[in-house]
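Engineer: My questions will all concern the structure given below.
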Amino acid sequence: MVDSHGHPRKVHAPILIAAAMVLLLLLGAAPAFAAHLTPTEQLGKALFFDTNLSSPVGQSCATCHGPAVGWTGPERSVNRAGAVYPGAVPTRFGNRKPPSAAYGGDSPILHFDAAAGWVGGMFWDGRATGQTLGDPLAEQAMGPFLNPLEMNVASAADLVAMVRASAYAGLFRTVWGPGIWNDVDAAYVAIGRSIAAFERSSEVSAFTSKYDAYLKGEADLTGRESQGMALFMGKAKCSQCHVPPNFTDFTYDNLGVPRNPLNPFYREPDWNPLGRSWVDTGLGGYLKAAGYSAAVYDAAWGKQKVPTLRNVALAPRPYFFAKAYTHNGYFKSLWQIVHFYNTRDVGFWPSPEVAANVNTSEMGDLHLTHAEELQIVAFMETLSDGYRSSPLPCH
């Protein structure tokens, strides 16, 4: 049921139990029912993993946001190259690497803060501002379905019809009310809010890393991990932007990242008429398109949203060696990007894609040794969810 603001009302327990049982029996393609999820979160999970919500069918949110790698791009071959994923139409590509779908639920509505600059919103460029729904995460979840470079559904009405024909349509109606199918716009928003609920759930934003166990007194960090944490919080300046507990402050920054020459968007003639001369202007480009003045968007030119570092090292098996980092996937290992942070201004790195607004106060010449770089990597490896702690010995 929904109230006048479009939020779900409480539903009586027997109805919820019945809906859960129906979903358990009928939801064949999506993961099994999880008892710890609320009905709205379970609905969001069904939507997230449904490969029928694209045109042609075959692509789901999880295609580009795989849980085994921390809810980001899961395909080794893609990550090793341009790191940008094909859409439902396999010859079409977006322009950026998939960010993590986890730990974004605290991102506020996009706004300018006098001390921190632009804060909040979703997507690398902040274009899911949250100003329409009051929730950037829900607005972001709605975007890929109708994007011709992603899931390529022709209209919100078509998407709603697909959901109405799904095995979990009964749960959708139970959560959002029997009249939900009569209002396409409301149903489209409900899809976004449901997915956002799942992304905020304990299944996606789990806080179950070794670092979390350490904070609870349930695990000890190794010497190298402890040294890395001290560097992360101090000399290396990582925590100035990657602030615990989410390990992001939801701001925007231009790190001086080089362009990724393997980005398939450069070879996207129908959607990128500029070809190889295209430049990713990030937040500044969005602000310009949104009608802000040159004084506003110039100061944000080339800035991308600070990503969470939670699950940054998560992989389905040891020595996976197939993740990509930053908005364009230029870096292929954690050590490589830490080394870039450390030596960008004193090493042999290609020129930044956007030379304006490059952060020179928090990175570029950090005077870290190779051993210290590896210690920072060791600490970031403790941020992977799914840690199983053993009882600590009594002292």
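Engineer: How about the stretch 115-170: which of its residues are in contact (Cβ under 8 Å) with a residue 60 or more places away in the chain and among the hydroxyl-bearing types (Ser, Thr, Tyr)?
Structural biologist: Selection gives Ser166, Tyr168.
Engineer: In this structure, is Glu353 of a type in the set (Asp, Glu) and closer than 30 Å to Phe207 by Cβ?
Structural biologist: no
Engineer: Looking at Leu287, Leu283, Leu309, can you tell me which residue is under 20 Å from the mean Cα position of the chain (by Cα), assigned to a helix (DSSP H, G or I) and either at pLDDT 95 or above or farther than 25 Å from Arg344 by Cβ (or both)?
Structural biologist: Criteria check complete, one pass: Leu283.
Engineer: Within the stretch 50-71, count every residue that is within 13 Å of Ala196 (Cα to Cα) and over 14 Å from the mean Cα position of the chain (by Cα).
Structural biologist: So in the stretch 50-71, the residues within 13 Å of Ala196 (Cα to Cα) come out as 61.
Next, from what is left, pick out any that are over 14 Å from the mean Cα position of the chain (by Cα): none.
Here the count works out to 0.
Engineer: Can you spot a residue in the stretch 353-372 that is closer than 21 Å to Lys97 by Cβ, in a loop (DSSP other than H, G, I, E, B), of a type in the set (Asp, Glu) and in the same structural domain as Trp278 (by TED's automatic domain parsing)?
Structural biologist: Yes, the stretch 353-372 contains a residue that is closer than 21 Å to Lys97 by Cβ, in a loop (DSSP other than H, G, I, E, B), of a type in the set (Asp, Glu) and in the same structural domain as Trp278 (by TED's automatic domain parsing).
Engineer: Consider Phe232 carefully, then state whether it is over 21 Å from Ser107 (Cβ atoms) and not small (Gly, Ala, Ser).
Structural biologist: yes
Engineer: Tally the residues that are farther than 14 Å from Phe232 by Cβ and either touching a residue at least 12 places away in the same chain (Cβ under 8 Å) or of a type outside the set (S, T, N, Q) (or both), restricting the search to the stretch 360-380.
Structural biologist: Total meeting the criteria: 6.
Engineer: A further question follows. Of the residues Gln304, Gln375, only one is in the same structural domain as Ala236 (by TED's automatic domain parsing), farther than 21 Å from Val257 by Cβ and either at pLDDT 95 or above or part of a helix (DSSP H, G or I) (or both); which?
Structural biologist: Gln375
Engineer: Take Leu110 and tell me if it is crowded, with 16+ Cβ neighbours inside 10 Å, in contact with a Gly (Cβ under 7 Å, 6 or more places away or on another chain), over 30 Å from Arg267 (Cα atoms) and at pLDDT 95 or above.
Structural biologist: yes
Engineer: Restricting attention to the stretch 86-103, which residues are in a loop (DSSP other than H, G, I, E, B), over 14 Å from the mean Cα position of the chain (by Cα) and buried (at least 19 other Cβ atoms within 10 Å of the Cβ)?
Structural biologist: Residues satisfying the conditions are Gly87, Ala88, Gly94, Asn95.
Engineer: Keeping to the stretch 105-138, report how many residues are acidic (Asp, Glu) and either under 16 Å from Asp298 (Cα atoms) or outside any loop (DSSP other than H, G, I, E, B) (or both).
Structural biologist: Total meeting the criteria: 2.
Engineer: Taking Ala62 as meeting all but one of (1) under 19 Å from Ser384 (Cα atoms); (2) assigned to a loop (DSSP other than H, G, I, E, B); (3) without any contact (Cβ under 8 Å) to a residue 40 or more places away in the chain, write down the number of the exception.
Structural biologist: Single failed check for Ala62: (2).
Engineer: Conditions: (1) touching a Gly at 6+ places or on another chain (Cβ under 6 Å); (2) closer than 29 Å to Glu381 by Cβ; (3) hydrophobic (A, V, I, L, M, F, W, C). Leu215 meets all but one. Number of the miss?
Structural biologist: For Leu215, the exception is condition (1).
Engineer: Of all residues in the stretch 218-251 being outside any loop (DSSP other than H, G, I, E, B) and charged (D, E, K, R), which is farthest from Pro136 (Cα to Cα)?
Structural biologist: Out of the qualifying residues, it is Arg224.
Engineer: Let me ask something additional. Output the helices (runs of 4 or more DSSP H) that fall wholly within the stretch 139-217 and possess 2 or more residues being surrounded by 21 or more Cβ atoms within 10 Å (Cβ to Cβ), small (Gly, Ala, Ser) and under 26 Å from the mean Cα position of the chain (by Cα), or say none.
Structural biologist: Qualifying helices (runs of 4 or more DSSP H): 184-200.
The values are calculated or read from the model by the stated rules, or taken from the named source; none is laboratory data. Computed from a predicted structure; not experimentally measured. Positions of Cβ are backbone-derived with ideal geometry, glycine not excepted, and every protein chain shown enters the neighbour counts.
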